[in-house]
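Data block below; observations after.
The values are calculated or read from the model by the stated rules, or taken from the named source; none is laboratory data. This one's a predicted model, so the numbers in the text were calculated from it and none came from an experiment. Note that we place each Cβ from the backbone using ideal geometry, even for glycine, and neighbour counts take in every protein chain shown.
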Amino acid sequence: MSYTPVSGQIYSPQPQQPPHHFYSATPPPPPPKPSGSSTPARGPPLPPPPPGASQQNGPSELDGNQGQGAQQQPALPPIPTIDSTWLPETLKEKNTTDLHALLQDPALQAALLDAPETQHPAVPASHQALRPLIESNLQLATSLLELETRLAQHREAVQSRLLALRALEQQHRTKLAETEDALSGFSPMALYQRLSGSVQEQDQLLQSLEESWLDEGGVASERELTDFVRRVREGRKVGFLQRERKERWDEGRVGGWRNSLQLPAMADGDMKTHIGAFHNETPSIILQRRESSTPTKTFQAESRLSHYIPGGYSPSRCLPLKGRKMMHAILALAGTSILFFGYDASVMSQVNTNSDYLRLMDANSSSDRDAAAVGGIVSIWFLGFALGALMVGAYADHIGRLKTIQLGCVWGILGAALQASAMNITWMMIARVIGGVGCGHLNTVVPIWTSELADPHLRGAFVAVEFTLALGGS
């Protein structure tokens, strides 16, 4: 008895419908552009396309590398279709009992499926089509493993660098903290406290020095008395400078919180001494250092020249003004000296029109000689002005600004007196030269003195105001 298979009772791995082609040469049509009358985007989903339309469509542009990879692969032979009535040759002559026993034995079924002579030709063809894909997947898996290994290595390297960066950052913060601790003693607040402490310390030093001198008793020699007076004067000078420095700091003018921590320039050369205001020194150390110190050559030259010139800077002769009021007083004094320059330079234009003056100078005629004499009297004043400016540059730094201004006033007063009492042209010319020397002194040293004492942002304005007053004098 033979067995004839019935249609529909044999399993076939291949579907009965035509094979689905995934790629085609025709791309899908683009979607329509939205418009005002089109269907809104948030509407119900569109129905799926019919099977015929999907079979005609090929790979879209979004497939990218997949389409390129598929094009690069060689064309595979077509897979034969498995008919529903197909059976292996070894099973066609079997009876129903043998087939029933075959269906009851899974091991025998597996052996029949694995045997090449009992397989349908579609199975090897399917394997041949799937084998390149499996190999490609294996290569991709191997690449992914390599990428994972490299990624792990990079991750470890980045982690090690991050740890090193954090260590460097911690070291940087430690160095910053150490630097701040090291510079804490030089902060403006610390320097101001040390300055205040040095002021009190200097006052205590002077008080102890005077008390020790008075408590010792006995008769002192002239040398001891001179040494005591010198030490007291130096101590008072240092104390005055320290207090002045503190007042300027409090006012914010010179050496304040916004300015550099340098000693302000003094008006007199004798006051350019080292006061040690910013050093942690006890009174005994200050006294010992001053007793053992030797003056420099510049200090000796200043003292020798200044000793024979009276006047100069003295706290006892200072005006009881501070801050802006003191600067305005200095500006008024400086403006007066520049006002004298304008007056002295232009006053001869009125004097030369006086008939009595021209007759006294023997220049009352209209000859060329008299005109040259009158012009020489006027212009020779500028020669004295140039000489005075050169003289100031030679000794202004040695005797101080104030004493130089006093010398300029002396020259100016002497020149004015000689001009007022002149009896001939020679006398008048000499007097004009002396007056020019005085104006040269004042016009050179007064702007320097004013700029040294003024605020940095007001120096230009002060000097401009001073020379503007020269127009008023003229």
For region 342-378, give me the residue count where each residue is in contact with a helix residue (DSSP H, G or I) (Cβ under 9 Å, 6 or more places away or on another chain), surrounded by fewer than 13 Cβ atoms within 10 Å (Cβ to Cβ) and not in a loop (DSSP other than H, G, I, E, B). 1
Return yes when residue 99 is free of Cβ contacts under 8 Å to residues at least 40 places away in the same chain and out of contact with any strand residue (DSSP E or B) (no Cβ under 9 Å at 6 or more places or on another chain) and no when it is not. no
Give all pairs with beta carbons closer than 6 Å in which a residue from region 361-381 that is in the same structural domain as residue 427 (by TED's automatic domain parsing) and of a type outside the set (Val, Ile, Thr) meets a residue that is at pLDDT below 85 and outside any helix (DSSP H, G or I); count only pairs at least 6 apart in sequence or on separate chains. 370/363; 373/363
Restrict the check to region 395-407 and report whether at least one residue is of a type in the set (Val, Ile, Thr), free of Cβ contacts under 8 Å to residues at least 24 places away in the same chain and surrounded by 12 or more Cβ atoms within 10 Å (Cβ to Cβ). no
Could you check how many residues of region 132-150 are loosely packed, with under 11 Cβ neighbours inside 10 Å and either acidic (Asp, Glu) or under 30 Å from residue 87 (Cα atoms) (or both)? 5
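For the structure I just gave you, tell me whether residue 347 is in contact (Cβ under 8 Å) with a residue 12 or more places away in the chain and among the β-branched types (Val, Ile, Thr).
Working: in contact (Cβ under 8 Å) with a residue 12 or more places away in the chain: no; among the β-branched types (Val, Ile, Thr): yes.
So residue 347 does not fit the description; no.
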